[in-house]
Amino acid sequence: MRSVTRGRDYHALFDEFFDIYKRRPIVSNDGGMLIPHMFATWVLIREAKPEVVLESGIWRGQSTWLIEQATDADIISVDLELGNRVYFSKRARYVDYDFAHLDLSALPKSKTVLFFDDHVNAFDRLMQGRAWGFTNFIFEDNYPPGLGDTPSLKQMQAGSYDAHGPDRKGDAPNWRQKALRNLRPMLAKWVYRAERYDAAQLQGALAALNYEYEEFPPLKVFPDTRWQTDWRKTYGDIPACLDPAKMSAEAAALIEREGRGYTSICSVRAPEV
């Protein structure tokens, strides 16, 4: 898997996007995507020009609305708990089965975008999608090493175990997360067996794949992250894609409020099978 950086006029794209974002149906989307990942998803889906977008994990429905703004494609919205919806799409076909158990044989393989925000091991989802022959993937929670609540491609490429693994790095910000960190590896033997893997082995597996991998840049670089860790130590020196001096005061203020919600969203493009 090779990392790529795509040239874009981020300011022109953001100006168009922000007019759309101001019309979002859920103003305070706690527990769901905020502006940095909403912008990234809108850009990535538009660029893919899909015929179908399948999203796994919809929470309250804001992502479904966003997909409607990015494309005229058919939408399949998958979630085991559809009762959480606040926004109900007239275009989407809702499914309450897990992605792994769906018959996807009729979908156009190179013209479908698989969008995952379901907090399932990203390697599992990538392999499940590739088994059907799909080529375009977006992973919303691409957590950095030692953080987050689900194994990510970013962690695996670094040879790091997921946030609940035995070699988690960093300090837990509160006693609840400290207790979870200590208990979950012990419970993994019985309860979380599917999350147990060898980090170095998956690092090697991803390196061997002929896939393009892009981490969408943050809108702003902050002093600290959503986990109160040092931003640059957590994400490295990835520069922000926007200059505050080139945006409206309204946009800058919203990014200031929601920008720490960035968790390194990524896209993966694979060759056709």
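Pull out all pairs, ordered by first then second residue, where Cβ-Cβ is under 8 Å, the residues are six or more apart or on different chains, the first lies in the range 35-62 and is without any contact (Cβ under 8 Å) to a residue 60 or more places away in the chain and closer than 15 Å to R6 by Cβ, and the second is of a type in the set (S, T, N, Q) and buried (at least 21 other Cβ atoms within 10 Å of the Cβ).
Listed pairs, sorted by first residue: none to list.
Can you list residue pairs whose Cβ atoms sit under 7 Å apart, with the first residue in the range 9-26 being at pLDDT 95 or above and the second being exposed (fewer than 13 other Cβ atoms within 10 Å of the Cβ)? Count only pairs 6 or more apart in sequence or on different chains.
Final answer for the pair search is H11/K246.
Only helices (runs of 4 or more DSSP H) wholly contained in the range 9-74 count here; list those with 1 or more residues that are hydroxyl-bearing (S, T, Y) and either under 16 Å from the mean Cα position of the chain (by Cα) or under 17 Å from D141 (Cβ atoms) (or both).
Ranges flagged: 35-48, 62-70.
Can you pull out the residues in the range 218-245 that are modelled with pLDDT under 95, of a type in the set (G, A, S) and within 13 Å of S264 (Cα to Cα)?
Within the range 218-245, just G236 meets the criteria.
Yes or no, residue by residue, for (1) assigned to a helix (DSSP H, G or I); (2) buried (at least 17 other Cβ atoms within 10 Å of the Cβ):
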residue: A207; (1), (2): yes, no
residue: P218; (1), (2): no, yes
residue: D237; (1), (2): no, no
residue: A245; (1), (2): yes, no
residue: A251; (1), (2): yes, yes
residue: I255; (1), (2): yes, yes
residue: S264; (1), (2): no, yes
residue: V268; (1), (2): no, yes
residue: P271; (1), (2): no, no
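Exactly one of (1) at pLDDT below 95; (2) touching an Asp or Glu at 6+ places or on another chain (Cβ under 9 Å) is unmet by E140. Its number?
(1)
Can you go through I67, I75, I20 and tell me which one is touching a Lys or Arg at 6+ places or on another chain (Cβ under 8 Å) and surrounded by 15 or more Cβ atoms within 10 Å (Cβ to Cβ)?
Numbers: I67 fails: touching a Lys or Arg at 6+ places or on another chain (Cβ under 8 Å); I20 fails: touching a Lys or Arg at 6+ places or on another chain (Cβ under 8 Å).
Being touching a Lys or Arg at 6+ places or on another chain (Cβ under 8 Å) and surrounded by 15 or more Cβ atoms within 10 Å (Cβ to Cβ) holds for just one of I67, I75, I20, which is I75.
Starting from the range 250-262, keep only residues that are under 11 Å from F222 (Cα atoms), then list their pairs with residues that are surrounded by fewer than 20 Cβ atoms within 10 Å (Cβ to Cβ) and of a type outside the set (D, E, K, R) whose Cβ atoms are within a distance under 6 Å, requiring at least 6 positions of separation or different chains.
R260/F222
Given the structure, is D162 at pLDDT below 70, of a type in the set (D, E) and in contact with a helix residue (DSSP H, G or I) (Cβ under 8 Å, 6 or more places away or on another chain)?
Working: at pLDDT below 70: yes; of a type in the set (D, E): yes; in contact with a helix residue (DSSP H, G or I) (Cβ under 8 Å, 6 or more places away or on another chain): yes.
The answer is yes for D162.
Out of the residues in the range 122-162 meeting the condition of being under 16 Å from D198 (Cβ atoms) and aromatic (F, W, Y), tell me which one is surrounded by the fewest Cβ atoms within 10 Å (Cβ to Cβ).
Ranking the candidates gives F123 first.
When you go through T229, T225 one by one, which is the residue that is touching a residue at least 40 places away in the same chain (Cβ under 8 Å), β-branched (V, I, T), touching a Phe, Trp or Tyr at 6+ places or on another chain (Cβ under 7 Å) and surrounded by 15 or more Cβ atoms within 10 Å (Cβ to Cβ)?
Numbers: T229 fails: touching a Phe, Trp or Tyr at 6+ places or on another chain (Cβ under 7 Å).
Just a single option satisfies the conditions, and that option is T225.
Looking at (1) in a loop (DSSP other than H, G, I, E, B); (2) more than 12 Å from the chain's Cα centre (by Cα); (3) at pLDDT 95 or above, which is the only condition A131 fails?
Evaluating A131 over (1) in a loop (DSSP other than H, G, I, E, B); (2) more than 12 Å from the chain's Cα centre (by Cα); (3) at pLDDT 95 or above leaves (1) as the failure.
The values are calculated or read from the model by the stated rules, or taken from the named source; none is laboratory data. Computed from a predicted model, the values in this text were never measured in an experiment. Heads up, the Cβs are rebuilt from the backbone with ideal geometry, glycines too, and the neighbour counts pull from every protein chain shown.
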